[in-house]
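To keep things clear, I will list the structure first and then write my remarks on it.
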Amino acid sequence: AIDIKQLRGQTGAITLDPGYKNTGACESAITFLDGEKGILRYRGYSIEELAEKADFLEVCYLLIFGELPNKSQLQKFNTDILDQSIVNEDMKTVLNGFPESAHPMGVLSSLTSALTAFNPKSVNVESEEDMYRAIVKILAKFPVLAAWTLRQKKSQALYNKDMNIGYVESLLKMMFQEGKTYKLNKKVVNALDKLLILHADHEQNCSTSTVRIVGSSHAGLFASISAGVSALWGPLHGGANQAVIEMLEEIKADGGDTSKFIAKAKDKDDPFRLMGFGHRVYKNFDPRAKIIKKAADEVLEQLGVEDPILEIAKGLEKAALEDEYFIERKLYPNVDFYSGIIYRAMGIPTEMFTVMFAVGRLPGWIAQWREMRLRKEPIGRPRQVYIGENHRKFKEIENR
Ligand code: ACO
């Protein structure tokens, strides 16, 4: 491990690496990723095994604290989260200030940032105890806010967490309950649990790097997470899950011919990209996409849903994987390619897909923020290579 102190005061040549394609920004013990072999592990445990055997709250604990919790640790963690799950009533006023047309990701980012105002003590984290308090608060309140972004769009009543059911189930209940009525579908809960685990961390991606860099100025956990939500929103990152479904819908409306869209994606004069395809790190296959593709078949069958766009997606994948352009560039389906089809089968509206991703990624953001603070990393501050004007003399306005 590098001793950060040894680098103190060192300056020298600047490495120019737009998009940080080959730049390591930190050392991390959280997530291991081998893009060539398609390996993904959280704290040493394979994603395949975690998705099959663990539940989301256990994975949250694992990512944040480094070990799988035993029964009493998990129980305490759950109780601490439940104790913090009531969201201040005044937050509803903030929420209701948004037009119903607002995108839920914009609303979620704003609400997460607003949480700081209602919990000012969460900003200055001097000790691990302070950190723990901030962590359980955001884990508790974030799913409530996520559910509220959906309810507000539909002008429906807002609910707090049901204290007697699990983390993922209560998220679904807050999203879909009508009055006191909510019909639990265990299959939906299990499928969502699995999806959230698969999204829970992915080392130094765009939103996680954002969380680390914002947190490095000691801005506080909630402000850092809010910035992470904004970064995730973009269609080249988490927003791809919404964009994939919109693309598949467009192909369907166009008669289902995928070749036209493949040609568009290959055309360098056309900004269109095959959404849900390609990845900065995976150059063989995305192990999450493999699990999700299989889960999509299972979930749709279990729920008795027939969705024609699943076949379109499979056809598009097959055509792309046989195409020289995609082979040469090592472009494969990523985590977002099939996830939207599952969310849709669960009755989750398209605009909410990236919000679901954010709920899943929350423990990863928290773990990375905590690691960064515990390691006392310096403020993130990249350099540049200046290519602008040389020294110029000021011109009075009448002479411009
Ligand atoms: N469709 C068509 N061409 C593509 C695609 C795509 N989806 N993805 C990459 N390419 C092409 C590029 O045009 C480029 O071609 P060139 O070498 O001829 O110029 C080459 O493949 C390399 O692509 P880059 O953009 O340089 O790769 P980068 O690592 O910067 O981008 C990214 C990765 C953003 C994921 C990209 O593949 C993409 O835009 N995919 C579509 C959006 C998407 O699905 N995002 C979700 C990613 S997963 C996640 O964030 C959760």
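Over the chain, DSSP H runs of length four or greater, each weighted -39,500 (n - 2.57), average out per residue to a 222 nm ellipticity of -17000 deg cm²/dmol.
For the range 343-350, backbone phi angles converted through the Karplus equation (6.51, -1.76, 1.60; θ = phi - 60°) give residue-by-residue couplings of 4, 4, 5, 7, x, 8, x, 3 Hz, Gly and Pro being listed as x.
For Ile39, the residues whose modelled amide H falls within less than 5 Å of its own, excluding neighbours fewer than 5 places apart on the same chain, are Asp34. Panel note: the C-alpha atoms of the range 24-132, placed on their principal axes, show extents of 47, 35, 30 Å (largest first).
The largest-to-smallest principal axis extents of the Cα set in the range 137-195 are 28, 27, 21 Å.
The phi torsions of the range 167-178, fed into the Karplus equation with coefficients 6.51, -1.76 and 1.60 and a -60° offset, translate into couplings of 4, 6, 5, 5, 4, 4, 5, 4, 6, 10, 5, 10 Hz, rounded to whole numbers, with Gly and Pro shown as x. Computed packing ranks the peptides 155-161, 349-355 as 349-355, 155-161, most packed first, by mean other Cβ atoms within 10 Å.
Our coupling estimate for the range 12-24, obtained by passing each phi through the Karplus curve with A = 6.51, B = -1.76, C = 1.60 and θ = phi - 60°, is x, 4, 9, 8, 9, 9, x, x, 6, 4, 10, 10, x Hz, Gly and Pro reported as x. Anything over 19 Å Cα to Cα? Flag those among Lys53/Lys318; Lys268/Lys330; Lys194/Lys290, in the order listed. The pairs that break the limit, which is 19 Å between Cα atoms, are Lys53/Lys318. Residues whose amide H lies under 5 Å from that of Phe277, counting only those 5 or more places away or on a different chain, are Asn334; hydrogens are built 1.01 Å from N in the peptide plane.
Each peptide among 131-138, 319-326, 271-278 gets the average number of other Cβ atoms lying within 10 Å of its residues, and from highest to lowest they stand as 131-138, 271-278, 319-326. When the listed pairs Lys183/Lys252; Lys37/Lys186; Lys37/Lys71; Lys252/Lys293; Lys283/Lys314; Lys92/Lys141 are checked against a 24 Å cut-off, the alpha-carbon distance exceeds it for Lys183/Lys252; Lys37/Lys186; Lys37/Lys71. Working note: Cα atoms of the chain, range along each principal axis, descending, whole Å: 69, 54, 54. In the chain, if the dipole is taken from +1 on Lys/Arg beta carbons and -1 on Asp/Glu beta carbons about the Cα centre, which of Phe32, Ser127, Leu300 is farthest to the positive end? The one lying farthest along the dipole's positive direction is Ser127.
All of the numbers you see were taken from the coordinates with simple rules; none came from a lab. Keep in mind it's a predicted model, so treat the numbers as computed, not measured. Neighbour counts are summed over all protein chains in view; Cβ atoms, including those assigned to glycine, are modelled from backbone coordinates with ideal geometry.
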